[in-house]
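The values are calculated or read from the model by the stated rules, or taken from the named source; none is laboratory data. Everything quoted here is computed from the prediction, not taken from an experiment. Neighbour counts run over all protein chains shown; Cβ positions are idealised from the backbone, glycine included.
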C-alpha cells in the first residue's frame, strides 16, 4: 500500500459491509436511510515520525465509505480479492438466461 491510498481494497470492502449491516441509521436530507457507522484503522507511523519525543507509535485514521460504496456492497458487486491492493475489483456481469 502506498501513502496515497487511504484504505486498501479489503478495508474498503469491510467498511462497506459494516456500514450496510449497522442498524444505527439516520435519514439523509434526500429522504433515504444512511449509516452512522465509522471505521477506524490503526497504522504505524512512518519511521521519520517515530523518533519524535512523545510520538505515538500508531496513528488512528477514521473513515466512512460513501453511500455508493455501501450500495455496491449491498448489490454484491465487489469481487473477492486475494491481495492488499489499492484497486477494487467488480464482479463480471452475469448473463441472463
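Among the residues of the stretch 24-38, those that are modelled with pLDDT of 85 or more and exposed (fewer than 10 other Cβ atoms within 10 Å of the Cβ) comprise 26, 27, 29, 30, 31.
On the stretch given as the stretch 14-23, residues that are in contact with a strand residue (DSSP E or B) (Cβ under 7 Å, 6 or more places away or on another chain) and at pLDDT below 85 total 1. Among the conditions (1) part of a loop (DSSP other than H, G, I, E, B); (2) at pLDDT below 85, residue 41 misses just one, which is (1).
Restricting the stretch 80-97 to residues that are exposed (fewer than 11 other Cβ atoms within 10 Å of the Cβ) and touching a helix residue (DSSP H, G or I) at 6+ places or on another chain (Cβ under 9 Å) leaves a set whose member that is modelled with the highest pLDDT is 90.
Taking every residue in the stretch 52-79 that is on the phi > 0 side of the Ramachandran plot and modelled with pLDDT of 85 or more and pairing it with any residue that is loosely packed, with under 13 Cβ neighbours inside 10 Å and outside any helix (DSSP H, G or I), at least 6 positions away or on another chain, the pairs with Cβ-Cβ distances below 9 Å are 76/91.
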